[in-house]
Amino acid sequence: QLQASGGGLVQAGGSLRLSCAASGITFSLYGVGWYRQTPGNQRELVATVSAGGSTDYADSAKGRFTISRDVAKNTVYLQMNSLKPEDTAVYYCNARFALSGTNYWGKGTLVTVSS
């Protein structure tokens, strides 16, 4: 249902744009979040965009990351700028339908930031 892509290897200070493409659901009705996880740690929330378009960010992402939604393409993006080595993680997208609690996870995409 969800396909995350766009990860890769980038030097510190560089940028990447992650994509989360949905199929089989009316994506615009779902709140979408980007999460990240490093080995041995819990998955942490990075950014969210609600069905209504409101956005929110973890403190670590504020000012550097931007989450956006392209309704026509059924895709949510995470633009990541000024990347730091501590941003290295597997990034996952999640879609949640608020009324029912139904949610979907995409497979992760690995982001590696070298110093």
In the stretch 57-78, anything polar (S, T, N, Q), open to solvent by less than 60 Å² (accessible area, probe 1.4 Å) and at negative phi is listed as Ser60, Ser68, Thr75
In the stretch 98-115, residue nearest to Leu29 (Cα to Cα) [restricted to those that are at pLDDT 95 or above and open to solvent by less than 20 Å² (accessible area, probe 1.4 Å)]: Thr109
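Here is a check on your reading of the model: is Ala95 within 15 Å of Thr26 (Cα to Cα), open to solvent by less than 50 Å² (accessible area, probe 1.4 Å), hydrophobic (A, V, I, L, M, F, W, C) and not in a loop (DSSP other than H, G, I, E, B)?
On the way: within 15 Å of Thr26 (Cα to Cα): yes; open to solvent by less than 50 Å² (accessible area, probe 1.4 Å): yes; hydrophobic (A, V, I, L, M, F, W, C): yes; not in a loop (DSSP other than H, G, I, E, B): yes.
Here the answer is yes, as Ala95 does meet what is asked.
Can you pull out every residue in the stretch 35-47 that is among the β-branched types (Val, Ile, Thr) and either within 11 Å of Gly106 (Cα to Cα) or not in a loop (DSSP other than H, G, I, E, B) (or both)? Steps first, answer last, please.
First pass over the stretch 35-47, keeping only residues among the β-branched types (Val, Ile, Thr): 38, 46.
Residue satisfying the conditions is Val46 alone.
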Just give me the residues in the stretch 35-55 being in contact with a Leu (Cβ under 9 Å, 6 or more places away or on another chain), under 19 Å from Gly101 (Cβ atoms) and either open to solvent by less than 50 Å² (accessible area, probe 1.4 Å) or of a type outside the set (Phe, Trp, Tyr) (or both), in sequence order. Ala51
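Results for (1) under 10 Å from the mean Cα position of the chain (by Cα); (2) without any contact (Cβ under 8 Å) to a residue 60 or more places away in the chain; (3) under 21 Å from Leu16 (Cα atoms), shown as yes or no for each residue.
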residue	(1), (2), (3)
Gln37	no, no, yes
Leu45	yes, yes, yes
Ser50	no, yes, no
Thr55	no, yes, yes
Thr66	yes, yes, yes
Thr75	no, yes, yes
Leu83	no, no, yes
Tyr104	no, no, no
Val111	no, no, yes
Would you check which residues across the stretch 1-34 are among the hydrophobic types (A, V, I, L, M, F, W, C), open to solvent by 30 Å² or more (accessible area, probe 1.4 Å) and assigned to a loop (DSSP other than H, G, I, E, B) and list them? Ala12
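The values are calculated or read from the model by the stated rules, or taken from the named source; none is laboratory data. Not measured: the values here are computed from a predicted model. Ideal geometry is used to build each Cβ from the backbone, glycine not excepted, and the neighbour counts take in all protein chains shown. Accessible surface areas use protein heavy atoms only, side chains included; no ligands, DNA or RNA. Shrake-Rupley method; radii C 1.70, N 1.55, O 1.52, S 1.80 Å.
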